[in-house]
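Worksheet for the structure shown next.
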Amino acid sequence: MCANCQSLFSFILKKKKLSSSPKIQKRRRDQIEMVAVFNKELLSWYLITLKLNQAVETGLQNAQSPTNLTPLDFPGKKGDEAAAAESEWVVAIKEKLEQARADDGACAWGKLSIYRIPQSLRVGGDDKAYIPQTVSLGPYHHGRKRLRGMDRHKWRALHRVLERTGHRVELYLDAVREVEERARACYEGPLGLPSKDFVEMLVLDAVFALELFQGAAAGFAALGYSRNDPVFAMRGAMHSIQRDMIMLENQIPLFVLDRLHAIQCPAATADRGAVARLALRFFDPLMPTDEPPPPQTRGGGRPAVFFDPLTDQGGLHCLEVFRRSLLLVRTGPNKPAPRVWIKRWSHAGRVADRRRQQLIHCVTELKEAGIKFKRKKTDRFWDIDFDSSRGVLHVPQLLVHDGTKSLFLNLIAFEQRHLECTNDVTSYVIFMDNLIDSPADVSYLHYCGIIENWLGSDAEVADLFNRLCREVVFDINDSSLSRLSEKVNRYYDHRWNAWRASLTHKYFNNPWSIISFLAALVLLVLTLAQTFYTVYAYYAPTS
């Protein structure tokens, strides 16, 4: 047998795992020799093909086997190049782990207060409620093309401050550079801004905000601005600027504002709440109520309780200070505590489910159950109470304007993200969302003086509330209005109240109905009396 035939014979024995029987091996050998006799060239090509097939299969098996990293893991690289590529890969992984370790530090999370809006809350096309349209503050929207037009006005503000105070710009840059790391820790995730750019941005934005705050309090003319100034005047674009500056992603840490304000006004250094009070005055047009604040004194000469933005803790930023001003003394002992009153629902599965957010029935259904609505005169829009003896729900007036949606959405987003924050605003908005299901509900609340609609039609207001908490994760067991809702629902479930309401609605809804009912009642009494005396005279005739 030739050498090629012998190689082919050995290969087939190995590949097919033939029996070692001499007879079978002899028959296979004879077959291969016959092929070699008739076509030796074909035999050679067949042998080459089998060898290549074996090599390919061996390579695939090695690639699929779970072995350690080899140069095959880096195609196109051999020897030292593969080792270098592997080393760079490991270094990159270690860098990511180091960043994860830094992010997982307790200090970093503890200082975080200015959050990015999660994608889950942006569902529904409400981006304009979260993204500034006129001015950017802070790093999240810094450098956006459509907001660059305001940068020249920020530089004008800085120039005006330096000219008015006689300070050098280095004083402001050094003051912010000292708290740069603390300021960076307030923002979520890597910012991607070099140190110089970050400090410059904070100085520009903080000085711009302080000029607006002080101008709203003392007048922009006193600060040296022209009465026709396109920005520094309480008209024109000021409303859109206020709306942008209250957004969660558009905040500056309050301690940065305090630091620069102390440089401008050394006399106010000891007053830690000066900037917070200026900010509240600037954002006053965004308040969701038009009621005047409580008087200086109460009955008996006792002093009234006023909001101090720094009573219990330092302010985080303007949105957080504004939120606490809305809640006023909500943090005091009079705050109603949440109560677990729906036993069949568990805290385990906190999902954005509309059924889990049903605190109370809508206005139309409550009216049918005999519940009446009255406006409560107070500047605390969340201060709702229910008189179960008379079935009256007292609700403070809510002013709805074109900035209400953005304001409530950002307050809700802050309560959702900040763990040390209560859910009072979210509870109130969901409560109002439950009350309002249709334009008819809005119309009745407007008739009662509870909703002051500056937005447009009743349908727009109904749509606004139905969209506000669409993707909010909320459990009614954690609501501060759960006790009140329990009392209202208990009154609603009592059948006698519904019957009495139906009787009142059908027969006592106007004076003529009442007169007709009384006339029918008198006629019925007279008829009964006549029947009685007729029957009595028949069975007991007079003697």
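The values are calculated or read from the model by the stated rules, or taken from the named source; none is laboratory data. None of the values given here were measured: they were computed from a predicted structure. Reconstructed Cβ throughout: ideal geometry from the backbone, glycine too, with neighbour counts over all protein chains shown.
A single entry from 433, 475 fulfils the requirement of being acidic (Asp, Glu), surrounded by 14 or more Cβ atoms within 10 Å (Cβ to Cβ) and modelled with pLDDT under 80: 475.
Highlighted here are the helices (runs of 4 or more DSSP H) found entirely within region 398-491 that include at least 3 residues which are among the polar types (S, T, N, Q): 404-417, 424-435. Looking across region 103-123, the residues that are part of a helix (DSSP H, G or I) and either modelled with pLDDT under 75 or touching a Lys or Arg at 6+ places or on another chain (Cβ under 6 Å) (or both) come down to 103, 106, 107, 108, 109, 110. Among the residues examined, residue 398 qualifies as closer than 27 Å to residue 127 by Cβ, out of contact with any Asp or Glu (no Cβ under 6 Å at 6 or more places or on another chain) and touching a residue at least 40 places away in the same chain (Cβ under 8 Å). Can you find even one residue in region 285-295 that is under 14 Å from residue 209 (Cα atoms) and either out of contact with any Lys or Arg (no Cβ under 7 Å at 6 or more places or on another chain) or modelled with pLDDT of 95 or more (or both)? Within region 285-295, none of the residues are under 14 Å from residue 209 (Cα atoms) and either out of contact with any Lys or Arg (no Cβ under 7 Å at 6 or more places or on another chain) or modelled with pLDDT of 95 or more (or both). On inspection, residue 424 fails the criterion of being surrounded by 17 or more Cβ atoms within 10 Å (Cβ to Cβ), free of Cβ contacts under 8 Å to residues at least 24 places away in the same chain and in contact with a helix residue (DSSP H, G or I) (Cβ under 7 Å, 6 or more places away or on another chain).
Of all residues in region 138-197, those being in contact with a Lys or Arg (Cβ under 7 Å, 6 or more places away or on another chain), assigned to a loop (DSSP other than H, G, I, E, B) and closer than 22 Å to residue 265 by Cβ number 1. Quick check: anything in region 94-102 out of contact with any Lys or Arg (no Cβ under 7 Å at 6 or more places or on another chain), modelled with pLDDT under 95, of a type in the set (Gly, Ala, Ser) and not assigned by TED's automatic domain parsing to the domain that holds residue 222? Within region 94-102 (the criterion being out of contact with any Lys or Arg (no Cβ under 7 Å at 6 or more places or on another chain), modelled with pLDDT under 95, of a type in the set (Gly, Ala, Ser) and not assigned by TED's automatic domain parsing to the domain that holds residue 222), the answer is yes, since at least one residue qualifies. Look at (1) surrounded by 15 or more Cβ atoms within 10 Å (Cβ to Cβ); (2) farther than 25 Å from residue 286 by Cβ and you find that residue 210 fails only one, number (2). Looking across 173, 210, 162, one residue alone is under 34 Å from the mean Cα position of the chain (by Cα), among the aliphatic types (A, V, I, L, M) and more than 29 Å from residue 417 (Cβ to Cβ). It is 173.
Anything in region 125-145 that is modelled with pLDDT under 85 and surrounded by 11 or more Cβ atoms within 10 Å (Cβ to Cβ)? List them, or say none.
Scanning region 125-145 gives a single hit, 126.
Inspection of region 459-470 finds a residue satisfying the criterion of being over 22 Å from residue 319 (Cα atoms) and crowded, with 21+ Cβ neighbours inside 10 Å.
Looking at this structure, is residue 312 at pLDDT below 55, acidic (Asp, Glu) and exposed (fewer than 14 other Cβ atoms within 10 Å of the Cβ)? If you could, list the steps in order and put the result at the bottom.
Numbers: at pLDDT below 55: yes; acidic (Asp, Glu): yes; exposed (fewer than 14 other Cβ atoms within 10 Å of the Cβ): yes.
For residue 312, the condition - at pLDDT below 55, acidic (Asp, Glu) and exposed (fewer than 14 other Cβ atoms within 10 Å of the Cβ) - is met.
Taking every residue in region 450-462 that is assigned by TED's automatic domain parsing to the domain that holds residue 381 and pairing it with any residue that is among the aliphatic types (A, V, I, L, M) and in a loop (DSSP other than H, G, I, E, B), at least 6 positions away or on another chain, the pairs with Cβ-Cβ distances below 9 Å are 451/436; 461/436; 461/455; 462/436.
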